[in-house]
Structures are given as structure tokens and as C-alpha cells.
1. Okay, helix-only estimate at 222 nm for the chain: each DSSP H run of n ≥ 4 adds -39500 (n - 2.57), divide by all residues, round to 500 deg cm²/dmol; what do you get?
2. Within the accessible area of the chain, what % is carbon and sulfur when the probe is 1.4 Å and the other protein chains stay in place?
3. Using a Gaussian network model of the chain with C-alpha springs under 10 Å, which one of Phe277, Phe207, Phe292 is most mobile by mean-square fluctuation?
4. Let a ≥ b ≥ c be the square roots of the eigenvalues of the Cα gyration tensor of the stretch 145-237; is it rounded (a/c under 1.5), or, if not, prolate (a/b larger than b/c) or oblate?
5. Report the equivalent ellipsoid semi-axes for the stretch 233-378 in whole Å, largest first, defined as the square roots of five times the eigenvalues of the gyration tensor built from alpha carbon atoms.
6. Taking Rh as the Kirkwood radius computed over C-alpha pairs, what is the Stokes-Einstein D of the stretch 27-99 at 37 °C in a medium of viscosity 0.692 mPa s, expressed in µm² per second?
7. Please name whichever of Ala303, Leu206, Pro35 sits farthest to the positive end of the charge dipole of the chain, dipole taken about the Cα centre and charges placed at Cβ: Lys and Arg +1, Asp and Glu -1.
8. For Cα pairs less than 8 Å apart in space and 6+ apart in sequence, what is the mean separation divided by the residue count of the stretch 239-378, i.e. the relative contact order in percent?
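The values are calculated or read from the model by the stated rules, or taken from the named source; none is laboratory data. Values in this document were obtained by computation on a predicted structure and should not be read as measured data. Every residue, glycine among them, receives a Cβ derived from its backbone with ideal geometry; neighbour counts consider all protein chains shown. What goes into the accessible areas is simple: the full protein's heavy atoms, side chains included, and nothing from ligands, DNA or RNA. Shrake-Rupley method; radii C 1.70, N 1.55, O 1.52, S 1.80 Å.
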Amino acid sequence: MNAHFIEPMDVLFLRGNRLFGDAGSYGESMVPPWPSVAAGAIRTAILARDGADPAAFARGKHEHAHPTLGTPDAPGSFRITDFQLAWRGETGEGPLERFYPLPADLVATREAQQEYITLRALSPWQPAAGIDCSMALERLPVMAQASRSKPVTGLWLTSRGMQSWLDGRLPDASADLVPSARLWVHDERIGIGLQADTRRADDGKLFSMQAVAFSRGVGFLAEAEGDGLDAGTALRFGGDGRGAVVDRAAAPAPEADVDRILASRHCRLILATPGIFPGGWRLPGMDAAGAFELCGVRGRVVAAAVNRAEVVSGWDLALREPKPARRAVPAGSVYWIEDLQATPDDLRKLAAHGLWPETGYDARRRAEGFNRFLVASY
């Protein structure tokens with residue numbers, strides 16, 4: 001496993017899939033970006049390191065296949081296996097730590113007249129007899145609370161906090177949550193549209209862009225199989241190819257007690273990266289009734305907490321055109337599985353494969369790091 005800590009050397013333009021550039025338009029940035037951003041930056045640097053012809057590689061001819069990258073249509077052994085926000089602490093020189101978006105079944109709230117944050121869990125509940133709803137599964141994810149409170153957004157969960165949550169314990173709200181404002185700020189920039197033929201400024205075409213200025217020691221951790229870059233490698237990262245540098249500092253990922261999970265015969269699956277599923281929000285291998293089978297792991301999905309869908313696209317440098325837009329389940333979405341039947345080897349096989357169909361999956365998107373997940377107790 002090759003762990004790359006990608007630290008920006010400049011502001012980054014982490015664009016989503018919304019068009020901008022017309023007069024008066026506004027280009028927003030998204031943090032973290034899709035794992036495909038890291039995959040593209042690392043693969044480009046690998047081609048440059050190995051002296052490969054980018055144009056020949058882009059044409060996708062078999063005779064120009066890279067030993068680890070393969071071709072654009074038939075990826076090789078290289079693939080992103082995890083992509084998370086990461087931080088080296090206030091000084092920028094401490095041990096590397098991962099940060100995760102709050103899972104959908106963990107809600108941060110602040111009571112009226114209170115300054116501190118409370119963390120509450122969603123649990124699957126069976127609706128009482130006679131209550132009908134549009135939920136497709138047999139149970140609803142419900143958060144029980146004695147009084148109303150306002151949700152708090154813009155928070156990130158530390159590795160220690162995620163470890164607690166994978167073990168079925170509430171994280172410490174005072175120690176395991178970090179606000180976005182400590183990690184980055186937005187920096188508004190003005191862009192000028194250019195005439196395509198003369199490359200001169202086009203009258204009246206001013207637009208705004210949102211850059212991201214990261215705090216010291218903040219970057220991204222991209223884990224990869226099949227190939228990797230040396231420390232000190234420079235990357236073109238995100239929109240406009242802004243500079244970033246690679247370090248090989250690793251941070252152990254939180255991991256649940258697999259033996260305990262298998263003994264209890266139920267678990268949660270938490271998406272670590274966005275999920276591109278053929279059945280919309282449904283997991284691959286899951287039918288309409290919730291029965292689930294994938295890579296030897298069997299069970300019954302009884303409830304799901306799925307955040308609002310996002311659309312994943314991107315720019316295909318090989319074809320010089322937009323990638324097909326795909327609806328995706330956001331990172332942090334949660335699925336509760338009961339009647340779990342699996343061995344430790346089955347779970348390891350599923351973790352290595354990702355939440356992809358066993359055959360006929362999108363090899364490009366799999367190599368880019370989508371559909372990765374964490375297993376948790378409940």
C-alpha cells in the first residue's frame with residue numbers, strides 16, 4: 001500500500017460539476033474533492049516519472065499500455081483505495097491524522113442557550129403498526145431526543161472519533177470534532193473570459209471563482225495500490241493545475257473489531273468515498289426487499305441513512321471532453337445490515353473489491369477510488 005500525503009503549495013480550485021465561466025457566474029469549490037482528482041494527479045505524475053508519452057497513453061492503444069496504469073479504457077493494477085482530508089496539527093510537523101465527514105447516523109446538535117455540542121446517534125426503528133411511509137426498507141433511522149435542537153454543520157471527525165464510532169461508542173464531542181474553519185478558508189477570485197481565437201479578454205465576461213486556502217499542515221491522504229510516487233514529487237492538483245507536493249507519511253485507518261461484528265451477526269457499512277451504484281441509493285448486490293449478497297458477504301439491509309445524492313462527473317484529459325455524469329451516494333451514508341453471514345476472509349475480500357458488482361463494473365471509476373467503505377458495529 002502506498003500512502004501519499006498531498007499538501008498544497010498554493011490555493012486550490014476544487015471544482016464540482018457546475019458550469020461556470022459565463023458572465024456573472026460563480027464557481028464553487030468542494031472539500032474534499034472527488035477521489036478521481038487525486039487519481040488523475042498521481043497518474044499524471046507517474047507517466048511523467050516513467051517518461052511515457054501522454055498523448056500516446058491518451059489514445060489508449062494496447063502497445064502504449066503502462067505497466068501499472070494500463071490504458072484509459074482498461075486500467076492496470078494502480079487504483080486509489082482511500083482518499084480523506086488529513087492534517088499534521090497546528091505546527092504542520094506533527095503526526096498525520098485523517099479527518100472524516102460526520103457519518104449520516106451521527107448528528108451534532110447545539111441546544112438553545114448552550115455553547116457546547118452534543119452528539120446523538122440515529123438507530124433503526126420499526127414503525128408501529130398502522131403507520132405507513134415511503135421508506136423502502138423495513139425500518140427507519142430515528143434520532144431520539146427530549147427537546148428540539150439545531151444541527152451543527154461544518155464539523156469533521158478525527159480518526160480517534162471515527163474509531164469510537166466504528167466500535168459502537170459515541171465520540172467525545174469536545175475532543176473528536178474539528179470545525180472546517182480551523183482547516184481551510186475560502187478565497188474569492190475574479191476570472192476573465194477569453195476569446196477562443198485571439199486569447200484576449202472578452203468584454204463583459206467577468207466571473208467569480210472560489211479558491212480554497214488550506215491551513216498549515218492540512219492536505220489529503222491518498223492511499224493507492226499497484227504504484228506510488230516518491231516523497232517530494234510535485235503534482236498539478238485540481239482546477240488550473242495548482243501546485244501540491246507529495247510526502248509518504250501514513251496514518252493508520254480506524255478499523256472495527258471484525259470478530260465481534262461477525263459474532264453479533266449485524267453491522268453498519270459507512271461510505272468512506274462517494275458510491276456510484278447501479279441501483280441508485282441501493283448497494284450493489286441488494287434487491288428491493290433488502291437482501292444483500294456481494295463477494296461472499298450475505299445479509300439483510302434493514303435501514304439506510306443516505307444523504308442527498310450528488311452528481312459526479314469530471315474532465316477526461318484523454319478524450320478532452322467531460323466524463324459522463326453519474327448520480328452518486330455521498331460519503332458518510334450508512335447502511336444497517338442484519339443476519340450477517342460472512343467469514344473474516346469474505347469481509348477482507350469485499351473491502352479489497354469495494355462496493356462494486358462482482359462483474360460488469362466501471363473499471364475506470366473503481367481505479368479512481370469510488371465506492372470505498374468502513375465496517376462498523378451497532
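1. Details: 6 runs with 51 residues, N = 378.
My calculation for the chain gives -3500 deg cm²/dmol from helical runs alone.
2. Values: 9430 of 18530 Å².
Using a 1.4 Å probe with all protein chains present, the chain comes out at 51 percent carbon and sulfur.
3. Phe207
4. Numbers: a/c = 3.38, a/b = 1.61, b/c = 2.10.
Since a/c reaches 1.5 but b/c is at least a/b, the shape of the stretch 145-237 is classed as oblate.
5. Numbers: eigenvalues 179, 74, 35 Å².
Semi-axis lengths for the stretch 233-378 are 30, 19, 13 Å.
6. Values: Rh = 14.4 Å.
The diffusion coefficient I find is 228 µm²/s.
7. Towards the positive end, the residue furthest out is Leu206.
8. Numbers: 242 pairs, mean separation 52.0, N = 140.
Taking the mean separation of contacting Cα pairs over the length of the stretch 239-378, I get 37 percent.
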